[in-house]
Amino acid sequence: MKKAGFVLVIGLFLVAGMYAFAQEGEVTAPTNGLIKGKVTDTATPRANNLAEAKIVVESEMLLGTEAKTVTTDSAGNYEVPNLPPGEYVVTASKTGFDDSMEYVTVTTGGETFHDVRLYRTDTLVTYFWKTGPMRWPLLLASILGLTFIIERIISVVKLRPRIKVEQLVSRITEALRNDNIMEAVSICEEAGGPLANVVKAGLLRYSQGMIEEQAVSKDDVSEAVEEATILEVPQLERNLVILSTIYQVAPLLGLLGTVMGMVRAFTAIALKGTGDPQLLAGGISEALLTTVIGLFISIIVMICYQILVSVVDRHILEIQQVSTEIVNTLVVSPRRSAGE
C-alpha cells in the first residue's frame, strides 16, 4: 500500500513537471517574424548598395498594427523585426530614386528575405544621355529650331508698321484726296515695314510720272507695287525653309536612333543571351527615347512654323489689299483726273 502511494506521488510530480515544461515552451516559442534584405540601385554592370534608404513596413490587413520605419546601413542592409504573421507592404524610398512598393508575407517565427532595387529618377539630363549617339544631332536640331523660331518672331514683330494699318490707310488716302503725294510718301516713311515700303513704291512711281508730266496708268503703278512686293516678301519668309527642314528631319533622326538602339539590343542578345535584361532594356530604352525626342522636336517646330506661315500669309494679303486700295485712290485723284 505504501509502495503504491509512493508511485502515485512520483507520477503526480512527473505530470506536473511535464505540464510546466510544456507551458514554458509555449511562452518562449517565437510567434513573430522579421523582414530583412538589401537595397541597391539598377546601375550596370554592377549595382551599388544604397545607404540611408528609408524602409516602411505596414500591414493592410492587421488592424491596429503600426507601420515600422527603418533605414539601411552603409552596406544597404536593413532588418525589420518583431512582425506578427501576415502580409505586409514594404515601401523603399530614397532621394533621387523612384519609390518601390511590394507585398511581402511574414510567417510565424520565420525570416523573410526581401531585396529591393531602386531606379534612379529620370530628368531631362538623364533622358538626354540615354538617347545614344543620336543625342547630338537631336540637340542641334532643337537648338536651331528654337533659335530660328525666336528670330522669326522678332523679325515679324519688327516688320509691322509703326502706325496701325487702318490709321496708315486712312492718312494716306486723305493725303491723296488732297492731291498731296509727298505727304503720303512721308507717312509711309514714318510707318516703315514691308507694307509701307510697297505703298511708297507705288506713290513714287506715280509722283515721278507727274513730275515728268507723263501719263501714268494704273498698270504702271500696279507694276511698281508688284516689284516692291517681290522685294519685300522674302524678308517675311526668310528662314522659314530652315524651320520646315528641321521639323521634317527631326523624326528621321529619331527613327535612325531607334534603329541603332534596336541593333544594340539584339547585339547584346547575340553576345550574352537574355540572362541580363539590363543590357536589353538599355538598347530598347535608347530606341524609344530617340523616337520620342525626335517627334517632340518635330511637333513643336511644325506648330511654330505653321503659325509663322499663317502670320506671313496674312501680312502678304494685307499688303495686296492695301496696295490695291491705294492704287485705286491714285487713279481717281484730282491731279490724275486733270491729266487725263
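The values are calculated or read from the model by the stated rules, or taken from the named source; none is laboratory data. Since this is a predicted model, take the numbers as computed values, not measurements. As a convention, Cβ positions derive from the backbone with ideal geometry for all residues, glycine included, and neighbour counts pool all protein chains shown. Side chains included, ligands, DNA and RNA excluded: accessible areas come from the protein's heavy atoms. Shrake-Rupley method; radii C 1.70, N 1.55, O 1.52, S 1.80 Å.
Overview of results
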| item | result |
| --- | --- |
| Scope the range 39-73; condition modelled with pLDDT of 90 or more and small (Gly, Ala, Ser); matching residues | ALA51, ALA53 |
| Number of positions in the range 147-175 that are more than 12 Å from PRO194 (Cα to Cα) and small (Gly, Ala, Ser) | 2 |
| Residue in the range 11-27 that is at pLDDT 80 or above and either of a type in the set (Asp, Glu) or closer than 18 Å to THR108 by Cα (or both) present | no |
| Single residue of the range 63-85 satisfying the filter (in contact with a Leu (Cβ under 8 Å, 6 or more places away or on another chain) and crowded, with 16+ Cβ neighbours inside 10 Å) that is nearest to VAL39 (Cα to Cα) | GLY76 |
| Members of the range 151-168 that are in contact with a helix residue (DSSP H, G or I) (Cβ under 9 Å, 6 or more places away or on another chain), farther than 11 Å from ALA191 by Cα and either surrounded by 15 or more Cβ atoms within 10 Å (Cβ to Cβ) or not aliphatic (A, V, I, L, M) (or both) | ARG152, SER155, VAL156, LYS158 |
| Verdict on ALA215 being hydrophobic (A, V, I, L, M, F, W, C), touching a helix residue (DSSP H, G or I) at 6+ places or on another chain (Cβ under 8 Å), modelled with pLDDT under 80 and within 22 Å of THR329 (Cα to Cα) | yes |
| Matching residues, the range 153-191, being outside any helix (DSSP H, G or I), farther than 16 Å from VAL233 by Cβ and not β-branched (Val, Ile, Thr) | ARG162, LYS164, ASN178, ASP179, ASN180 |
| Residue in the range 193-203 that is open to solvent by 90 Å² or more (accessible area, probe 1.4 Å) and in contact (Cβ under 8 Å) with a residue 12 or more places away in the chain present | no |
| Any helices (runs of 4 or more DSSP H) falling wholly within the range 226-340 and containing at least 3 residues that are open to solvent by less than 40 Å² (accessible area, probe 1.4 Å) and modelled with pLDDT of 90 or more | 240-272, 277-331 |
| Unique residue being surrounded by 15 or more Cβ atoms within 10 Å (Cβ to Cβ) and either closer than 30 Å to SER285 by Cβ or small (Gly, Ala, Ser) (or both) when the list is ALA92, ALA51 | ALA92 |
| Members of the range 95-136 that are assigned to a helix (DSSP H, G or I) and either surrounded by 12 or more Cβ atoms within 10 Å (Cβ to Cβ) or not polar (S, T, N, Q) (or both) | LEU124, VAL125, TYR127, PHE128, TRP129, GLY132, PRO133, MET134, ARG135, TRP136 |
| Filter result for ARG205 (under 30 Å from MET302 (Cβ atoms), in contact with a helix residue (DSSP H, G or I) (Cβ under 8 Å, 6 or more places away or on another chain) and of a type in the set (D, E, K, R)) | no |
| Filter result for the condition that a residue is free of Cβ contacts under 8 Å to residues at least 24 places away in the same chain and either surrounded by 15 or more Cβ atoms within 10 Å (Cβ to Cβ) or farther than 29 Å from GLY145 by Cβ (or both), over ASP219, ASP179 | ASP219 |
| So LEU204, is it modelled with pLDDT of 85 or more, part of a helix (DSSP H, G or I) and closer than 30 Å to ILE154 by Cβ | no |
